[in-house]
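Everything below concerns the one structure shown next.
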C-alpha cells in the first residue's frame, strides 16, 4: 500500500511539494517537474554534440546567444533512445545543487500540460531497495486518474554531473 504524504514526512522523506507541475512523457510514462524550475519550452533545435561526454549528454544548444547543455532524459533514465519526432521538446530548467546554479535543458518525448497537484494527491516514492536510486523522485502524483512521477530536477544529476554540465556550457 502506498504511503500518504503525511506518513512520508514522519518517516523522514523530503517534504512533499504540492503546486504546479509541468508534465511530460517519456515512452509510456508520465513525469512532472515543478513549474518554478522551468524557464522555457522549445521545439527540437540543432544540438551540437560535445566529444567525450556521457551518452546521456546530447550536447549543447545556442538559445538566444546562451550555450545550454542538453540531457536526454530517456538515456539518463536507462530507456532506449529514439529519434526525435515533431512532438519532442526541449525543456530549459534552472537547477540548484550545493549552492551552485546551472541552466540546462532536458529532451522529453512530449510536453503534456501544467497540473496543479495538491498535497493529498502525492504519495511517497516507491522503495526498491538500496540498489535502486530513486532520490530524484519527490513522490507519485495521482491526478485525474493518472499516476505521474514527480521529479526533483535538482537531484536528477549528481554534483559531479552538474559540474560537468557547467563545464560543457562554458566550453572548457
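The values are calculated or read from the model by the stated rules, or taken from the named source; none is laboratory data. Since this is a predicted model, take the numbers as computed values, not measurements. No Cβ is skipped: glycine too gets one built from the backbone with ideal geometry, and neighbour counts run over all protein chains shown.
Please specify each residue of the stretch 153-172 satisfying the condition of being assigned to a loop (DSSP other than H, G, I, E, B) and either within 15 Å of residue 60 (Cβ to Cβ) or touching a residue at least 12 places away in the same chain (Cβ under 8 Å) (or both).
Keep residues of the stretch 153-172 that are assigned to a loop (DSSP other than H, G, I, E, B), which gives 156-158, 171-172.
Hits for the stretch 153-172 are 156, 157, 171, 172.
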Handout entry: Complete set of residues in the stretch 22-46 that are over 16 Å from residue 93 (Cα atoms) and surrounded by 20 or more Cβ atoms within 10 Å (Cβ to Cβ)
Key = 26
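So which of 74, 87, 81 is touching a strand residue (DSSP E or B) at 6+ places or on another chain (Cβ under 7 Å) and part of a helix (DSSP H, G or I)? Even if it seems obvious, please write down each step before you answer.
On the way: 87 fails: part of a helix (DSSP H, G or I); 81 fails: part of a helix (DSSP H, G or I).
Result of the check over 74, 87, 81: 74.
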Practice task
Read through the list (1) modelled with pLDDT of 90 or more; (2) within 27 Å of residue 160 (Cβ to Cβ), then give the number of the only condition that residue 99 fails.
Solution key: (1)
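Look through the stretch 34-53, keep the residues that are touching a strand residue (DSSP E or B) at 6+ places or on another chain (Cβ under 9 Å) and assigned to a loop (DSSP other than H, G, I, E, B), and return whichever of them is nearest to residue 97 (Cα to Cα). I'd like the intermediate steps shown before the answer.
We begin by selecting, within the stretch 34-53, every residue touching a strand residue (DSSP E or B) at 6+ places or on another chain (Cβ under 9 Å); these are 34-50, 53.
Narrowing the set further to residues that are assigned to a loop (DSSP other than H, G, I, E, B) leaves 44-47, 49-50, 53.
Working: 44: 27, 45: 27, 46: 28, 47: 25, 49: 25, 50: 23, 53: 20 Å.
Across the stretch 34-53, the extreme among qualifying residues is 53.
Condition (residue is crowded, with 19+ Cβ neighbours inside 10 Å and part of a loop (DSSP other than H, G, I, E, B)) applied to the stretch 99-110: is it met by at least one residue? Steps first, answer last, please.
Restricting attention to the stretch 99-110, the residues satisfying the condition of being crowded, with 19+ Cβ neighbours inside 10 Å are 102, 104-109.
Of the ones still in play, those that are also part of a loop (DSSP other than H, G, I, E, B) are 109.
Scanning the stretch 99-110 turns up at least one residue that is crowded, with 19+ Cβ neighbours inside 10 Å and part of a loop (DSSP other than H, G, I, E, B).
Looking at this structure, is residue 60 touching a residue at least 40 places away in the same chain (Cβ under 8 Å), more than 16 Å from residue 23 (Cα to Cα) and in a strand (DSSP E or B)? Give the steps one after another, and end with the answer.
Numbers: touching a residue at least 40 places away in the same chain (Cβ under 8 Å): yes; more than 16 Å from residue 23 (Cα to Cα): yes; in a strand (DSSP E or B): yes.
Answer is yes for this residue.
Applying the selection to the stretch 1-33, what residues are part of a loop (DSSP other than H, G, I, E, B), at pLDDT 80 or above and over 20 Å from residue 75 (Cα atoms)? If you could, list the steps in order and put the result at the bottom.
Filtering the stretch 1-33 for residues part of a loop (DSSP other than H, G, I, E, B) gives 1-3, 11-18, 27-28.
Of the ones still in play, those that are also at pLDDT 80 or above are 17-18, 27-28.
Across the stretch 1-33, the qualifying residues are 17, 18.
State whether one or more residues within the stretch 72-84 are farther than 16 Å from residue 21 by Cα, exposed (fewer than 14 other Cβ atoms within 10 Å of the Cβ) and modelled with pLDDT under 90.
Residues of the stretch 72-84 that are farther than 16 Å from residue 21 by Cα, as a first pass: 72-84.
This time we only want the ones that are exposed (fewer than 14 other Cβ atoms within 10 Å of the Cβ), so: 78, 80-83.
Narrowing further to those that are modelled with pLDDT under 90: none.
The answer is no; no qualifying residue exists.
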